[in-house]
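Notes to accompany the following structure.
Laboratory data are not the source of any read-out in this text; all were calculated from the coordinates shown. These figures come from a predicted structure and were not determined experimentally. With ideal geometry, Cβ positions are generated from the backbone for all residues, glycine too; neighbour counts draw on all protein chains shown.
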Amino acid sequence: MPHLLPVQVQSVSIAIDARHVHEIVGPGPAVLLPGTRAEIPGVMAYRGRAVGLFDFAAVADGLVPARDISQRPRVLVVQVEGSTLAAPVDSVREVREIAADSLLPPRLTSQKFATAEVEIDGVVMPVFDFAAFVKSVAAAAAAGELSPDRATGGITRGS
């Protein structure tokens with residue numbers, strides 16, 4: 001059975017595979033960088049290094065991009081595919097164990113990189129796939145679609 005972490009970003013609920021969430025921290029120093037992908041508008045300091053700052057507004061309809069991550073009281077530190085990202089959110093709920101048959105193909109929700117949708121506490125939400133997102137960034141960089149210095153917008157490799 002999958003374990004999902006429901007989070008809220010502005011008015012949108014999103015579920016994330018809990019195995020990828022390394023830590024939940026408060027907002028830290030961040031820098032927005034010009035020329036990066038909309039999904040990774042900058043970097044955030046985390047344990048003495050810069051990690052890519054992920055913005056859900058670039059992948060979910062109806063969200064306003066965060067200009068200052070201090071507007072979001074929690075930051076998910078996500079580690080997937082050998083990469084680390086910092087994803088600011090407004091709230092985090094407890095991890096839920098979900099029956100595999102409760103994961104349905106997206107029908108009511110529309111979000112880039114959502115592999116499924118699930119209903120938790122009466123709210124239907126997309127299940128965001130950080131692994132698919134990181135693979136898309138790597139594929140774009142390998143295909144030369146991104147300049148090498150801005151390819152990852154600070155996605156850090158390794159742990």
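Given segment 57-106 reduced to its alpha-carbon atoms as identical point scatterers, what log10 I(q)/I(0) does the Debye formula return at q = 0.19 Å⁻¹? Calculated log10 I(q)/I(0) at the listed q: -0.94. Residue by residue, segment 64-79 carries 3J(HN,Hα) couplings of 9, x, 7, 8, 8, 5, 5, 5, 10, x, 10, 10, 7, 9, 10, 10 Hz when phi is fed to the Karplus relation 6.51 cos²θ - 1.76 cosθ + 1.60 (θ = phi - 60°); x denotes Gly or Pro. For the chain, the relative contact order is 29 percent, taking Cα pairs closer than 8 Å that sit 6 or more residues apart in sequence and dividing their mean separation by the residue count. Among the trypsin sites (Lys or Arg not before Pro) in segment 62-150, those located in a DSSP loop and surrounded by at most 16 other Cβ atoms within 10 Å of their own Cβ are 67, 93, 107, 112, 150.
Applying the Karplus relation 6.51 cos²θ - 1.76 cosθ + 1.60 with θ = phi - 60° to segment 90-97 yields 3J(HN,Hα) values of 7, 8, 10, 9, 6, 5, 10, 8 Hz, where x marks Gly and Pro. If you run the Gaussian network model on the chain, springs between alpha carbon atoms under 10 Å, then out of 69, 98, 40 the most flexible one is 98.
In order along segment 108-122, the phi-based Karplus estimate (6.51 cos²θ - 1.76 cosθ + 1.60, θ = phi - 60°) of 3J(HN,Hα) comes to 8, 10, 10, 8, 4, 6, 8, 8, 7, 9, 8, 9, 10, 6, x Hz; Gly and Pro are listed as x.
Seen from a random direction on average, the alpha-carbon convex hull of segment 3-157 projects onto 8.8 square nanometres. Axis of helix 130-142 versus longest Cα principal axis of the chain: the two differ by about 30°, to the nearest ten degrees.
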